[in-house]
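Here the structure is laid out as structure tokens; the discussion comes afterwards.
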There are 2 protein chains.
Amino acid sequence: MLLRIQLDSHLPAYRQIADSLRTLLVDGSLPPGSLLPPVRQLALDLSVHFNTVAQAYRILAEEGWLDLRRRRGALVLKRDAPKSPDPDFTASLRRRLREIAWEMRAQGISAKEIAHELRSIVKGIES
Amino acid sequence: MLLRIQLDSHLPAYRQIADSLRTLLVDGSLPPGSLLPPVRQLALDLSVHFNTVAQAYRILAEEGWLDLRRRRGALVLKRDAPKSPDPDFTASLRRRLREIAWEMRAQGISAKEIAHELRSIVKGIES
DNA sequence: GCTTATTGTATAATGTCTGTGTACATTATA
DNA sequence: TATAATGTACACAGACATTATACAATAAGC
């Protein structure tokens, strides 16, 4: 399970974990039928408390990605095609994208490099 | 001052304000020599306490964007070319970009639309 | 079947963060 | 010199994040 989080980030750990896992779920790295590691094991890997991992798992379960059951673990589900996306949430995601891009710019990363990064993301998504 | 924040977001208001303003600073909408609105006025616009805006201003001042002085206000500085970017921070920005893109995918937004969005960001940055 | 170990769940405790209230310091302007 | 406009400092209440601890469910082994 290749996962990394930044403990000193302003984003809470449980959300970083959920976000990272969601990426793996969407891009197919964690196909339906897979079992995620037990909360205690992943927690050890990430140096957090297992309840923090459990919280991340619960977020993904509520989104329909996982089926959680005691003793068996966290099973990846075949998720239905999403319904029509929430426009507000979508708009906020769009804005966050743009802000992060500009924040990289402010960091001194060249427009060229950012463009390259964005293109590589596009590629990953389209495939 | 065209600014909007989402009070119900998980990102704190002061950070949303700082991020949005930084975007305007980087893209030239707020050129050096400009005066930002007083904290109390912007706070009214955004329906937050003025200390919340002050906190955002202070973040940008520490980043070298603003010179804050009592009674005169928040002056936009000509910021020196950024030093070599912090690689850890940069990597985390990259990861957040990718995660948000995949989160849009999970929301049911098509790869095509996301690609379009990313391309429009690239355009904005390159110009 | 029964026991046990493994797994997620529930709840409380604790520290940190966010936003606000209020008083203050500074300084341009009249 | 007085006044008003502006940012600053600091304390407080409430929310939030993480951890600690006890519990419930259930697959596996016997």
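Here's a check for you: in region A:7-24, which residue that is polar (S, T, N, Q) and within 8 Å of the chain's Cα centre (by Cα) is farthest from DNA strand C (Cβ to nearest atom)?
Of region A:7-24, the ones polar (S, T, N, Q) are A:9, A:16, A:20, A:23.
Those left that are additionally within 8 Å of the chain's Cα centre (by Cα): A:16, A:20, A:23.
On the way: A:16: 14, A:20: 16, A:23: 19 Å.
Filtering first and then ranking leaves A:23.
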Examine region A:84-94 for a residue that is open to solvent by less than 70 Å² (accessible area, probe 1.4 Å), within 11 Å of DNA strand C (Cβ to nearest atom) and hydroxyl-bearing (Ser, Thr, Tyr), and state whether such a residue exists. no
Which condition breaks for residue A:55 when tested against (1) more than 16 Å from DNA strand D (Cβ to nearest atom); (2) out of contact with any Asp or Glu (no Cβ under 6 Å at 6 or more places or on another chain)? (1)
Residue by residue through region B:95-119, note down the ones that are under 15 Å from residue A:118 (Cα atoms), small (Gly, Ala, Ser) and surrounded by fewer than 18 Cβ atoms within 10 Å (Cβ to Cβ). B:111
How many of the residues in region B:58-88 are within 16 Å of DNA strand D (Cβ to nearest atom) and without any contact (Cβ under 8 Å) to a residue 40 or more places away in the chain? 13
Every residue in region A:91-118 that is more than 23 Å from the chain's Cα centre (by Cα) and within 7 Å of chain B (Cβ to nearest Cβ), please. A:105, A:106, A:107, A:108, A:109, A:111
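The values are calculated or read from the model by the stated rules, or taken from the named source; none is laboratory data. Predicted, not measured: the structure shown is a model, and the values here were computed from it. Every residue, glycine as well, gets a Cβ built from its backbone with ideal geometry; the counts of neighbours run over all protein chains shown. These area figures cover heavy atoms from the full protein model, side chains too; ligands, DNA and RNA do not enter into them. Shrake-Rupley method; radii C 1.70, N 1.55, O 1.52, S 1.80 Å.
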